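**Q** Can you read through this structure? Questions will come right after.
Please treat every number below as a calculation from the coordinates, not as lab data. A quick note: this is a predicted structure, and the numbers were derived from the prediction, not measured. Note that we place each Cβ from the backbone using ideal geometry, even for glycine, and neighbour counts take in every protein chain shown.
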Amino acid sequence: MKRFLPLIIMLFYSSLTYAQITGRLSGTVTDDKGNAVEGVAIILIQTGQGASTNAKGQYTIEKLKAGAYNVRVSAIGYKPAMLKTTIRDNQQTILPVNIETDVNTLTEVGITGKHYNPDNLIDLQRTPMPSTVITRKQIEEMGSRRLDEVLREQTGLAIVSDIGAGARAVGLQMQGFDSGYTMILIDGQPMTGRNSGNFDLSRITVANIERIEIIKGASSCLFGSEAMAGVVNIVTRQHISQAQGLAGIRYGSFNMVDANLEGESPFANGRGSGYLAGNYYRTDGFNSNPYLSEGKTVPPYSSYTIQGRAKYLLSDVNSLNITGRFASRRSDNNKSYSGDPTRDVLKENDLNASAVLNSNFKSGVRIKSQYYLTRYATGQNITNLTEGFTIPGSNFTQYLHRAELQASQTWFNNLLITAGAGTQYETMDNDLYTGGKHQQNTFLYTQGDWKVTNKLGFIGGARLERHSRYGGSVTPSFGVNYQLVKSLTLRAAVSTGFKTPDFRQLYLVFTNFAGGGYTVLGTEEFTTELKKLQDAGEISRVFPNAAKVGGLKPERSTSYSAGFSFAPGTRFKLDVNGFYNNVRNFINTEQVASKTNGQQVFSYFNIDRAFLTGADVGLTVKATKGLTVSAGYQLLYAKDRGVIDSIKAGTGNYANVYDVNISNDRRSTTADYFGLTNRSRHMANIRLSYEYEPRGITASFRVNYRGKYGFMEAGRSNGFLDPFDTYVSGYYLLNAAIQKTLMNKHFAVQVTVDNILNYRDMLMPAQSGRVVLLSLNYRFFHNQ
């Protein structure tokens, strides 16, 4: 890898003198009143070259190759525009631009095309696997407060609870993968801090998010381990061209308070800009379990988040971006079932910071150099209020340091090459591990986006990664799209995933005293810790599979995707996508021993048989002026091939099922096997969005459906979900919001009602009852 890195850098820098480029694009940007507009971003989509208008609204982009270009025009407070132009050798092209005023929000409202991202040269909307963008306008229309509330309403995504890991173990399931397989990014960099593998999305406010980018399918090619299921990228405030601010507050059910302050402004005659936002959130929590006599299934908590960004143009080539985020949360929950009452206290601190140097050369070469740091610390203690003893909970501090260099260049006006290299060092100090743990991986990747013709395009790449424990791995990907006719585009892709075992699976030593005394042992500590239990006389039986514990292998997957987009006009669009994920060396938890008190001992194993397959359908119809109807549906089959083979052969662990109708065992059939736990066969959503601009009214009504899914085995255990086990029934959630702007769009009032039917289930501890909220927002900006 050390030999390849200098070569890649030399190739990109040598292109600075690749050819004599003399074309120039210039013009003046005016608003709908004919006034010059300062700070407008003019970006050439094909090369990423761009400029910002001066005080007279003028811009110039020099040293351009001859050819046809798409030009994106955007500025805060104005509607975006997309134009076309042609550059010729040794000539200046004049392109005047007129943009329309739109000061309804603090963001680039309505931009649904490509976004220039100063933090990452990888365009998440140009990857082999299917991608989706949720804009800030959509988030505001929904009235959502936390990230989990936004994602639970998206096609193919489910918010799931791991009850065995505690009330706070709430994560995201994508295409049937558990939440540990989806990478959560902030501005293109990984976030840390998981409880039993679940990343609690409720700890992230959406108040200061510019957009959310989602990739479904294996994305290890570009993002590395943990991206086997896909990626969720949180993009914070970026493009700032005028001084403005926002103050807002929400109050409603469960004494929920959501308060926000935001402010931004350019400085140094437009060479710099700054943004700062603060959020305070609290809730009394809620209870969905009728057997809980005191306390909440989701604990009461309060949190605050401070987030900012500063950008400064060092020269015509170089700009510096500094970003920072700090969030803190505390929850305190006294609860009691039928036994002794307990007090559960949890404190969390989350820090993310980065420094990015962007170098945009006039030849079209873009270089990004970045250092990123994240720190997550949590401390939890559970106190028995009757006897006074304290049980340690999840107590750990995790650091991740990441240095990365990216470069991109467009060749021959139709081939965009992006490449990167870097290293990542991660440490973990956990009370449940013996001593501090650390790991490091170094990576090198590249992606090519080739527009062969106006109808045919290819995109592909590969990532080479070397892990300090697991050695080297290569994860390639490839995709193709073809425009059969103007209204119909076909696409297909194949991508690979790679995930190393996490700290928990390797080093965990945990006994859940509050849950009856079961024990979970990581594979690296298994032999030593099991012997300690045996010497203490706590083990009654060791199962034969215990001899196979150890030497966990990295999980690998291959994701296949194929589908089409059909858009016969601007008012109708249909997207259909089928997917198949084949997982090898899938890490599973199995019982390896029994204790003398009747409890179990668990550890981790590789299995080679899991697959997840299905299809996504998305439909958008602009029914009338101002009214848009969107719908989505996912069909999913998630199963273990080992179970299927055992059932078909009539031998092994899964050959029989206990049939409660005959009160006896019988030969199991493949029809008895429902699939992996916590996966719904059917999921669907419908969203109606309405906007009446003359009166400043926006409204949305959403219906989300999740079909039946298996919760746990019941009665006599046979190792798989059969018809006689415990299931969560299918259910609907209805949500609505309506907003009215006043005072020339400075003031906005919104009423939000989530879970209108007040649906609750004790097996869904993270699902609250009906929530009614009133929101007041005041925006500070200069009227045009």
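**Q** Whole-Hz Karplus ³J(HN,Hα) for the stretch 296-306, in order, using 6.51 cos²θ - 1.76 cosθ + 1.60 and θ = phi - 60°, x for Gly and Pro?
**A** Listing the rounded values in order: 10, 6, 10, x, x, 7, 9, 8, 9, 9, 10 Hz.
**Q** Same structure, new question: For ALA353 paired with LEU292, estimate the spin-label separation in nm (one decimal), with each label point 7 Å from Cα along the Cα-to-Cβ line.
**A** 3.7
**Q** Take the Cα radius of gyration of the stretch 590-652 and divide it by 2.2 N^0.38 Å, with N its residue count; two decimals is plenty.
**A** With N residues counted in the stretch 590-652, Rg over 2.2 N^0.38 Å equals 2.10.
**Q** If you don't mind, there's one more thing I want to ask. Using only the Cα atoms, what convex hull volume per residue in Å³ does the stretch 605-744 have?
**A** 156
**Q** In the neighborhood of PHE389, defined by Cβ-to-Cβ distances under 12 Å, what is the net charge if each Lys or Arg adds +1 and each Asp or Glu adds -1?
**A** It works out to a net charge of -1.
**Q** Still on this structure: What is the stretch 18-98 by shape, rounded, prolate or oblate, if you read a ≥ b ≥ c off the alpha carbon gyration tensor as root eigenvalues and call it rounded for a/c under 1.5, prolate for a/b larger than b/c, and oblate otherwise?
**A** Prolate, because a/c is 1.5 or more and a/b exceeds b/c.
**Q** Can you give me the three principal axis dimensions of the chain from its C-alpha atoms, in Å, biggest first?
**A** 85, 60, 50
**Q** Here is a follow-up. Applying 1/(1 + (r/R0)^6) with R0 = 45 Å to the Cβ-Cβ distance of TYR560 and LYS362, what FRET efficiency is obtained, to the nearest 0.05?
**A** Using R0 = 45 Å, I get an efficiency of 0.65.
**Q** Where does the longest stretch of the chain lie that holds no chymotrypsin sites (Phe, Trp or Tyr not before Pro) found in a DSSP loop with 10 or fewer other Cβ atoms within 10 Å?
**A** It works out to 413-784.
**Q** For LYS296, go through the lysines and keep the ones whose alpha-carbon is under 26 Å away, minus same-chain ones fewer than eight residues off.
**A** The reachable lysines, counting only those whose Cα sits under 26 Å from LYS296, are LYS335, LYS347, LYS708.
**Q** Bins of 10 Å, beginning at zero and ending with the bin holding the largest distance: percent of Cα pairs per bin for the stretch 558-672, please.
**A** It works out to 11, 23, 26, 18, 13, 8, 1, in whole percents.
**Q** Placing unit charges on C-beta atoms (Lys and Arg positive, Asp and Glu negative, everything else neutral), compute the dipole magnitude of the stretch 18-98 about its Cα centre in debye, rounded to 20.
**A** Magnitude of the dipole: close to 160 debye.
**Q** Given Cα pairs under 8 Å that are at least 6 residues apart, what percent is the relative contact order of the stretch 279-385?
**A** Relative contact order here is 23 percent.
**Q** Need one number: nm distance between label points at ALA243 and THR670, each 7 Å from Cα along Cα→Cβ, rounded to one decimal.
**A** Modelled inter-label distance: 7.0 nm.
**Q** In nm, what is the difference between 0.36 nm times the number of residues separating GLU693 and THR527 and their Cα-Cα distance?
**A** This chain segment gains 53.0 nm when fully extended.
**Q** Sticking with this one: Residue farthest toward the positive end of the dipole of the stretch 258-302, with Cβ of Lys/Arg at +1 and Asp/Glu at -1: which of ASN279, PRO300, PHE267?
**A** Going by the Cα projections, it comes out as PHE267.
**Q** Still on this model: Starting from the Cα-Cα distance between ALA55 and VAL317, subtract it from 0.36 nm times their residue separation and give me the gain in nm to one decimal.
**A** Contour length minus Cα-Cα distance gives 92.3 nm.
**Q** Let me ask something else. Which one, TRP411, MET683, THR500, is farthest towards the positive end of the dipole of the chain when Lys and Arg carry +1 and Asp and Glu -1 on their Cβ?
**A** TRP411
**Q** What longest range of the chain stays clear of loop-exposed GluC sites (Glu not before Pro) (DSSP non-H/G/I/E/B, at most 16 other C-beta within 10 angstrom)?
**A** 388-712
**Q** Explain nothing, just the number: dipole magnitude of the chain about its Cα centre with +1 on each Lys and Arg Cβ and -1 on each Asp and Glu Cβ, in debye rounded to the nearest 20.
**A** For the chain, the charge dipole is close to 1920 debye.
**Q** Which residues does a label at VAL629 reach in the stretch 702-720, if reach means a backbone N under 18 Å from a point 7 Å past the Cα toward the Cβ?
**A** 702-705
**Q** Take TYR759 and ASP32, extend 7 Å from each Cα along the Cα→Cβ direction, and tell me the distance between the two endpoints in nm.
**A** Placing both labels 7 Å along Cα→Cβ, they lie 4.1 nm apart.
**Q** Sort ARG88, ARG194, ARG146 so the one with the fewest other Cβ atoms within 10 Å of its own Cβ comes first.
**A** The most exposed by this proxy come first: ARG88, ARG146, ARG194.
**Q** Given R₀ = 35 Å, what would the calculated FRET efficiency be for PHE724 paired with ASN334, taking r from the Cβ atoms and rounding to 0.05?
**A** My answer for the efficiency is 0.45.
**Q** Is the C-alpha gyration tensor of the stretch 564-621 telling us rounded, prolate or oblate? Criteria: a/c under 1.5 is rounded; beyond that, a/b larger than b/c is prolate, otherwise oblate.
**A** Prolate.
**Q** Starting from the Cα-Cα distance between HIS401 and GLN591, subtract it from 0.36 nm times their residue separation and give me the gain in nm to one decimal.
**A** The HIS401-GLN591 span can extend by a further 64.8 nm.
**Q** What list do you get for ARG556, ARG126 if you sort them by fewest beta carbons within 10 Å?
**A** So the ranking, lowest neighbour count to highest, is ARG126, ARG556.
**Q** Using a 7 Å offset from Cα along Cα-Cβ at ARG584, what residues in the stretch 475-501 end up with backbone N under 14 Å from the label point?
**A** The answer is 475-476, 495-499.
**Q** May I ask you to evaluate 6.51 cos²θ - 1.76 cosθ + 1.60, the Karplus curve with θ = phi - 60°, for each residue of the stretch 735-741 and list the ³J(HN,Hα) values in order in whole Hz, giving x for glycine and proline?
**A** 10, 8, 8, 9, 9, 10, 9
**Q** Taking Cα atoms of the stretch 663-743, Rg/Rh with Kirkwood Rh, to two decimals?
**A** Looking at the stretch 663-743, the ratio lands at 1.33.
**Q** So if R0 is 41 Å, what FRET efficiency would GLN534 and THR386 give, r being the distance between their Cβ atoms, rounded to the nearest 0.05?
**A** With a Förster radius of 41 Å, E is 0.80.
**Q** What span do the alpha-carbon atoms of the stretch 468-627 cover on each of the three principal axes, reported in whole Å from largest to smallest?
**A** Principal axes ranked by extent give 73, 39, 25 Å for the Cα atoms.
**Q** Quick one: what are the phi-derived ³J(HN,Hα) couplings along the stretch 222-237, Karplus 6.51/-1.76/1.60 with θ = phi - 60°, whole Hz, x for glycine and proline?
**A** 3J(HN,Hα) across the stretch 222-237, in whole Hz: 9, 10, x, 4, 6, 9, 5, 8, x, 9, 10, 10, 8, 9, 8, 3.
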